[in-house]
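Just so it is clear, none of the values below were taken in a lab; they were calculated from the coordinates. These numbers were taken from a predicted model, which means no experiment stands behind them. Counting neighbours? That spans all protein chains shown, and the Cβs are built from the backbone with ideal geometry, glycine included.
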Amino acid sequence: MKGKPKLSCARICNPTTATIESWDTMNKSSLSRRSLSRRSFLKASALAGVGASLAGASKAAAPLAPSSALTSVAEISQTRPRPAGQKPVHELTTKPRARVRVAVIGLHRGMAHVHACLGIEFAEVVAVCDLVPARADQAAEVCEKNRGHRPAVYGGTENIWEQMVEREVIDAVYIATPWRWHVPMALRTMERGKSAFIEVAAALTVDDCWALVDTSERTQQHCVLLENCCYGEDELFVLNLAREGVFGRLTHAECAYLHDLRGVLFSLGSEGDWRRDYHEHLNGNLYPTHGLGPVAQYLGVGRGDQFKFLVSTSSAEISLTEYRDQHQPDSVVYDAAAWSCFIELSVRSVSTGSLPVNIPDFTRGLWKTMPPLGIAEKA
Ligand SMILES: NC(=O)c1ccc[n+]([C@@H]2O[C@H](COP(=O)([O-])OP(=O)(O)OC[C@H]3O[C@@H](n4cnc5c(N)ncnc54)[C@H](O)[C@@H]3O)[C@@H](O)[C@H]2O)c1
């Protein structure tokens, strides 16, 4: 892979304890590529945000929901009062159960959760759901092979998960779908009296973060972010050191998400299909929780301390475009034409007693300078 990824940077400041810096290899998107100024985009997305917010938990979630209904920074930064009738959930517990019945929606990353559940004696995968029926079937087969019991299978339409959440007797629903589905799925799950375990990040807008908080408090259901990085061996080691006071009083921490996503973002048939859009439209830190989660725990953020404000800066978007520009398809139209014209030309040759038939140069002379295709190029 040529070239090093350029870094964009987001900094999150907590003045009472620390400055947390978080770098993200994902570069800001080039709005100009779509002839959309940032201002007009924000305006458009603000309107889209109003729509998404009014739709609430509805299935009509906007494909991109980059802005909350409240457009001013001052408004959006306000802590919203707890609506009457809601109770805090910070001490919410669960009645012990001999068996925890689990459902999983989204069976790519979600297969990791299926396998994890199969490794826990008291967990049982009772339902699986994916837009692509073959993925749901495959997950069911894995479960059946492992436990001798086939989970209920839901698939084929993008709203079929609603039926699963409605009908099945489930304790917890794992949500491992594209980002735009996280909030509608989690809200409905909690409304139906089930715990929602959401892949990272939980939500894309501040409004949606509040919707998760309010619904969890109102329904008294757990809403858990599946931030696996908090459970890495290194992270747990450092957490333990912090708790033991080895560092003294923490005043500064840095965290990062270093992941070369160029391959992922241009992949087809998986995460790239939907994740690419966010990178094209949003200029900020699109994947904050892997870096932030463990460090927030070291600092006791949310438990004795709090995030106060953030500043965010992005470097110029270069690498993603360079990468895209370097990665042409393995074939161009001239190949399509040159390889296909043999049909007619061979028929004509046969009909004239196998006389030669000239083949047109569809490249119009470009063949002389075109480099070989990258198919067999060494990395
Ligand atoms: N924690 C981690 O380390 C980690 C790693 C990878 C992905 N993720 C997160 O997991 C989530 C999924 O990522 P992925 O890589 O599996 O994406 P993906 O696009 O490869 O897979 C998503 C799956 O969800 C299915 N799906 C889409 N819409 C659906 C709907 N309406 N109903 C049912 N199924 C639907 C798709 O068919 C697909 O099988 C994302 O939130 C991502 O950020 C987290």
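Points worth noting:
- Contact order normalised by residue count of region 100-228, Cα under 8 Å, 6+ apart, percent: 22
- Rough spin-label spacing in nm, given labels placed 7 Å along Cα→Cβ, for V169 and A74: 5.5
- Peptides ranked, highest mean first, by Cβ atoms within 10 Å: ranges 72-82, 166-176: 166-176, 72-82
- Shown for M111, M164: other C-beta atoms within 10 Å of each C-beta, ranked fewest to most, produce the order M111, M164.
- If you take the Cα centroid of region 239-261 and the Cα centroid of region 278-311, the two points sit 13 Å apart.
- According to the Kirkwood relation over distinct C-alpha pairs, the hydrodynamic radius of region 100-228 is 14.3 Å.
- Cα centroid separation, region 223-237 to region 91-115 (Å): 16
- Two-site FRET efficiency, E271 against N358, from Cβ-Cβ distance with R₀ of 41 Å, rounded to 0.05: 0.30
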